[in-house]
Amino acid sequence: MTTIVATITEDFRLYFPLFLGRAYGVSNTPGSGPGSGWYPMIRWFKVGEGGWINSSGGRIPRTPPEATLRQQAPAVLVQDLDIIVDQTRASGKRYTDTTHQSSYTKAFVSSDFIYDYAPHTLKLNCLLDFNEYNETTPGSGVPPNIWEIGIFTDHPTIARQKLMIAYGTFPMEIKDATKQIQHYVLLTD
């Protein structure tokens, strides 16, 4: 189990006033009554096979994660994991390889949230169980090499998109059916 202090994304900083206002019951849709508009909730985590760079000693996690690096082109208001965004970059500027290009999304349940009032920290339990994300594509037999994690909510302005709240990287972990992978992602004020 690893604890990851995630980097808050630029997208979330942009939409934070809407997020905070709605959390306090203030509608964020102009001209609408109470209870309408975006309803912000931390809903999913996504892990993927991007988030690394090549160094003289081999691949290492990208640190610190650059918030703008994950902006998808041409929709710069949607950020995602490196493994997803990398496919939109020019071939000379890609950070992923051709054999490992998968990601996996899982919804949070209420017991995954742990709040500590002392340093005002939200700890998110991100658990991949034995039967989850064991192959890069179903039936391939190729286990994923996981390097990155993102925390998501619904996007307030782009239909059917997710807004990435935070992003983090960690040393590679290979996931297969013989083990669980558990990370705690910390969001602090």
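Just wondering, is there one or more residues in segment 115-130 that are among the acidic types (Asp, Glu) and in contact (Cβ under 8 Å) with a residue 24 or more places away in the chain? Spell out how you get there, then give the answer.
Within segment 115-130, the first condition is being among the acidic types (Asp, Glu), and the residues that meet it are 116, 129.
Filter once more, so that each one left must be in contact (Cβ under 8 Å) with a residue 24 or more places away in the chain: 129.
Yes: segment 115-130 contains one or more residues that are among the acidic types (Asp, Glu) and in contact (Cβ under 8 Å) with a residue 24 or more places away in the chain.
The rows are residues; the columns are (1) closer than 22 Å to Arg13 by Cα; (2) over 13 Å from the mean Cα position of the chain (by Cα).
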site: Tyr104; (1), (2): no, no
site: Tyr115; (1), (2): yes, yes
site: His120; (1), (2): yes, yes
site: Leu127; (1), (2): no, yes
site: Pro143; (1), (2): no, yes
site: Ile149; (1), (2): yes, no
site: Thr157; (1), (2): yes, yes
site: Met164; (1), (2): yes, no
site: Met172; (1), (2): no, yes
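Hey, among Thr98, Thr105, which residue is at pLDDT below 80 and either loosely packed, with under 15 Cβ neighbours inside 10 Å or of a type in the set (Ser, Thr, Tyr) (or both)? Write out each step before concluding.
Working: Thr105 fails: at pLDDT below 80.
None of the others qualify; the one that does is Thr98.
Scan segment 144-159 and tell me whether some residue there is closer than 21 Å to Ile4 by Cβ, at pLDDT below 90 and surrounded by fewer than 20 Cβ atoms within 10 Å (Cβ to Cβ).
Yes, segment 144-159 contains at least one residue that is closer than 21 Å to Ile4 by Cβ, at pLDDT below 90 and surrounded by fewer than 20 Cβ atoms within 10 Å (Cβ to Cβ).
Condition check ((1) touching a residue at least 12 places away in the same chain (Cβ under 8 Å); (2) out of contact with any Phe, Trp or Tyr (no Cβ under 9 Å at 6 or more places or on another chain)) across all residues:
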{"site": "Asn134", "(1), (2)": "yes, yes"}
{"site": "Pro138", "(1), (2)": "no, yes"}
{"site": "Thr157", "(1), (2)": "yes, no"}
{"site": "Arg160", "(1), (2)": "no, yes"}
{"site": "Gly168", "(1), (2)": "yes, yes"}
{"site": "Met172", "(1), (2)": "yes, no"}
{"site": "Lys175", "(1), (2)": "yes, no"}
{"site": "His183", "(1), (2)": "yes, no"}
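The values are calculated or read from the model by the stated rules, or taken from the named source; none is laboratory data. Note that the coordinates shown come from a computational prediction; the quantities given were computed from them, not determined experimentally. All Cβ positions, glycine included, derive from the backbone under ideal geometry; neighbour counts span all protein chains shown.
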